[in-house]
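A short worksheet on the structure shown next.
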Amino acid sequence: FTSEETYFQLVENENVHTAKFPNTGFSLNINTASYSNVRRFLNMKSKVPPDAVRVEEMMNYFNLYYQEPPGEDIFQIRSQISSCPWNSEKQLLYLNINAKKLDLRKIPPGNFVFLVDVSGSMDDEKKLPLLKAGLQSLVKNLRDQDKVSIVIYGGAVAVWLQPTSGKDKQTIIKSIEELSAGGDTPGESAIRLAYKVAESNFIKDGNNRVIIATDGDFNVGETSEKALDELITRQKQSGVFLTCLGVGMGNFKDSKLQTLAKKGNGNYAYLDDQMEAEKVLVQELTQTFYTVANDVYMNISFNPAMVKQYRLIGFDNKKDALA
């Protein structure tokens with residue numbers, strides 16, 4: 001199943017001498033795609049590609065020991081040191097960072113553009129039908145002040161549904177139900193159109209977001225990770241955020257969706273089944289489509305007198321995508 005799937009080659013972080021480099025850091029994003037993607041391989045009893053295993057995303061999938069930040073605080077940080085299971089001479093420092101949960105009744109109005117891949121490669125029960133069911137479940141939780149547009153790409157790129165109020169749920173649900181797969185995958189021009197639609201309906205102080213749902217198999221226009229990086233970096237200047245929903249197997253392009261999410265002020269989840277779609281699009285709606293803070297980066301300083309060396313687990317460097 002992995003013959004045509006692409007992943008960035010991970011280069012594990014090395015041990016760092018604290019005396020020379022006492023500081024390390026990482027971005028606080030909430031990507032969870034790696035866990036459900038790895039689960040897909042395990043459920044199929046298939047070998048897991050090593051580069052599909054991103055440790056930070058495996059951890060982030062679980063909402064461990066959540067505690068609401070006190071008072072007006074946005075974040076709560078707790079730390080714990082434990083023995084290291086695979087090396088008795090090492091210790092693990094575990095950081096648990098909780099953000100304040102958002103109240104669905106109080107969050108700003110949403111301007112959502114569903115960018116749905118309806119190309120021929122999506123003609124599989126684990127792809128377009130799974131996405132349609134998930135997006136329809138999401139629509140049921142929209143409020144009157146939210147609005148949804150749908151842009152499709154498959155053979156051609158088009159606005160499938162003009163901006164429609166969350167009050168008119170049946171129109172949106174029916175529009176999603178009528179989607180069908182066929183044609184090439186002009187992802188580049190589709191992304192441009194989706195952002196254009198989002199910008200033309202921009203809600204000041206609202207949640208303006210493109211939600212791209214695809215197997216990542218772009219085969220028309222700019223298709224390389226580098227080209228997509230440059231494209232999405234330009235598009236994000238508009239203030240529109242991005243959520244990537246990945247599906248499928250065999251030709252799944254994880255590396256492309258990673259690039260889009262990282263450069264587009266976005267997050268990335270992989271939907272391996274209907275339960276995961278329900279989790280990401282309904283149960284964790286506010287986590288998936290809303291942010292409590294932008295461009296959050298955590299910096300950690302170690303005291304060389306106490307810590308001789310350290311290694312950051314996860315957040316590994318990435319080389320070019322490998323098939």
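The values are calculated or read from the model by the stated rules, or taken from the named source; none is laboratory data. Quick caveat: nothing in here was measured; it's all calculated off a predicted structure. We place every Cβ from the backbone using ideal geometry, glycine too, and count neighbours over all the protein chains shown. All accessible areas refer to the heavy atoms of the entire protein, side chains included, with ligands and DNA or RNA removed. Shrake-Rupley method; radii C 1.70, N 1.55, O 1.52, S 1.80 Å.
For segment 141-162, does any single residue satisfy the condition of being in a helix (DSSP H, G or I) and either open to solvent by 30 Å² or more (accessible area, probe 1.4 Å) or over 28 Å from residue 205 (Cβ atoms) (or both)?
Narrowing segment 141-162 to residues in a helix (DSSP H, G or I): none.
No, that holds for no residue.
Out of 298, 306, which single residue is aliphatic (A, V, I, L, M), assigned to a strand (DSSP E or B) and either more than 20 Å from the chain's Cα centre (by Cα) or more than 29 Å from residue 216 (Cα to Cα) (or both)? Steps first, please.
Details: 306 fails: assigned to a strand (DSSP E or B).
On inspection, the qualifying residue turns out to be 298.
So, in segment 76-124, how many residues would count as being surrounded by 14 or more Cβ atoms within 10 Å (Cβ to Cβ), out of contact with any Lys or Arg (no Cβ under 7 Å at 6 or more places or on another chain) and polar (S, T, N, Q)?
Within segment 76-124, residues that are surrounded by 14 or more Cβ atoms within 10 Å (Cβ to Cβ), out of contact with any Lys or Arg (no Cβ under 7 Å at 6 or more places or on another chain) and polar (S, T, N, Q) number 4.
Among the residues of segment 63-72, are any under 20 Å from residue 280 (Cβ atoms) and outside any loop (DSSP other than H, G, I, E, B)? Break it down into steps so the answer makes sense when it comes.
Kept after step one, since they are under 20 Å from residue 280 (Cβ atoms), are these residues of segment 63-72: 63-64, 66.
Now narrow it down to the ones that are outside any loop (DSSP other than H, G, I, E, B): none.
The answer is no, given that none of the residues of segment 63-72 is under 20 Å from residue 280 (Cβ atoms) and outside any loop (DSSP other than H, G, I, E, B).
Report the residue count in segment 272-299 for those that are in contact with a strand residue (DSSP E or B) (Cβ under 7 Å, 6 or more places away or on another chain) and either of a type in the set (Gly, Ala, Ser) or at pLDDT 95 or above (or both).
Qualifying residue count, segment 272-299: 0.
Just give me the residues in segment 186-197 being open to solvent by 20 Å² or more (accessible area, probe 1.4 Å) and in contact (Cβ under 8 Å) with a residue 12 or more places away in the chain, in sequence order. Show your work before the answer.
Pass one, segment 186-197, residues open to solvent by 20 Å² or more (accessible area, probe 1.4 Å): 188-189, 192-193, 196.
Once the filter is applied, which keeps residues that are open to solvent by 20 Å² or more (accessible area, probe 1.4 Å) and in contact (Cβ under 8 Å) with a residue 12 or more places away in the chain, segment 186-197 yields 188, 189, 192, 193.
Per-residue answers, yes or no, for (1) over 25 Å from residue 275 (Cβ atoms); (2) open to solvent by 50 Å² or more (accessible area, probe 1.4 Å); (3) out of contact with any helix residue (DSSP H, G or I) (no Cβ under 9 Å at 6 or more places or on another chain):
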residue: 174; (1), (2), (3): no, yes, yes
residue: 177; (1), (2), (3): no, yes, no
residue: 182; (1), (2), (3): yes, no, no
residue: 199; (1), (2), (3): yes, yes, no
residue: 204; (1), (2), (3): yes, yes, yes
residue: 209; (1), (2), (3): no, no, no
residue: 233; (1), (2), (3): yes, no, no
residue: 243; (1), (2), (3): no, no, no
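Determine the pairs where a residue that is free of Cβ contacts under 8 Å to residues at least 40 places away in the same chain and under 15 Å from residue 29 (Cα atoms), located within segment 84-107, has a partner that is surrounded by 14 or more Cβ atoms within 10 Å (Cβ to Cβ) and among the hydrophobic types (A, V, I, L, M, F, W, C) with Cβ atoms under 7 Å apart, the partner being 6 or more residues away or on another chain.
From segment 84-107, the pairs are 98/75.
Please go through (1) over 19 Å from the mean Cα position of the chain (by Cα); (2) within 21 Å of residue 34 (Cβ to Cβ); (3) part of a loop (DSSP other than H, G, I, E, B) for residue 319 and return the number of the only condition it doesn't satisfy.
(3)
Do we have any residue at all in segment 5-14 that's open to solvent by 90 Å² or more (accessible area, probe 1.4 Å) and more than 14 Å from residue 268 (Cα to Cα)? Before you say what the answer is, go through the steps one by one.
Keep residues of segment 5-14 that are open to solvent by 90 Å² or more (accessible area, probe 1.4 Å), which gives 12, 14.
Checking which are more than 14 Å from residue 268 (Cα to Cα) leaves us with 12, 14.
Scanning segment 5-14, I find at least one residue that is open to solvent by 90 Å² or more (accessible area, probe 1.4 Å) and more than 14 Å from residue 268 (Cα to Cα), so the answer is yes.
Yes/no matrix, rows are residues, columns are (1) touching a Cys at 6+ places or on another chain (Cβ under 9 Å); (2) within 14 Å of residue 315 (Cα to Cα); (3) modelled with pLDDT of 95 or more:
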{"site": "25", "(1), (2), (3)": "no, yes, no"}
{"site": "32", "(1), (2), (3)": "no, yes, no"}
{"site": "53", "(1), (2), (3)": "no, yes, yes"}
{"site": "56", "(1), (2), (3)": "no, yes, no"}
{"site": "60", "(1), (2), (3)": "no, yes, no"}
{"site": "65", "(1), (2), (3)": "no, no, no"}
{"site": "69", "(1), (2), (3)": "no, no, no"}
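Does segment 17-24 include one or more residues that are over 21 Å from residue 97 (Cβ atoms), part of a strand (DSSP E or B) and of a type outside the set (Gly, Ala, Ser)?
First, pick out the residues of segment 17-24 that are over 21 Å from residue 97 (Cβ atoms): 17-21.
Those left that are additionally part of a strand (DSSP E or B): 17.
Checking which are of a type outside the set (Gly, Ala, Ser) leaves us with 17.
Scanning segment 17-24, I find at least one residue that is over 21 Å from residue 97 (Cβ atoms), part of a strand (DSSP E or B) and of a type outside the set (Gly, Ala, Ser), so the answer is yes.
Just the residues that are open to solvent by 50 Å² or more (accessible area, probe 1.4 Å) and touching a strand residue (DSSP E or B) at 6+ places or on another chain (Cβ under 8 Å), please, taken from segment 54-75.
64, 65, 66, 67, 68, 70, 74, 75
For segment 289-312, state whether one or more residues are of a type outside the set (Asp, Glu), touching a helix residue (DSSP H, G or I) at 6+ places or on another chain (Cβ under 8 Å) and touching a residue at least 24 places away in the same chain (Cβ under 8 Å). If you could, list the steps in order and put the result at the bottom.
Just the residues of segment 289-312 that are of a type outside the set (Asp, Glu), to begin with: 289-294, 296-312.
This time we only want the ones that are touching a helix residue (DSSP H, G or I) at 6+ places or on another chain (Cβ under 8 Å), so: none.
No.
May I ask you to verify whether residue 127 is closer than 19 Å to residue 281 by Cα, open to solvent by 30 Å² or more (accessible area, probe 1.4 Å) and not acidic (Asp, Glu)?
Working: closer than 19 Å to residue 281 by Cα: yes; open to solvent by 30 Å² or more (accessible area, probe 1.4 Å): no; not acidic (Asp, Glu): yes.
Here the answer is no, as residue 127 does not meet what is asked.
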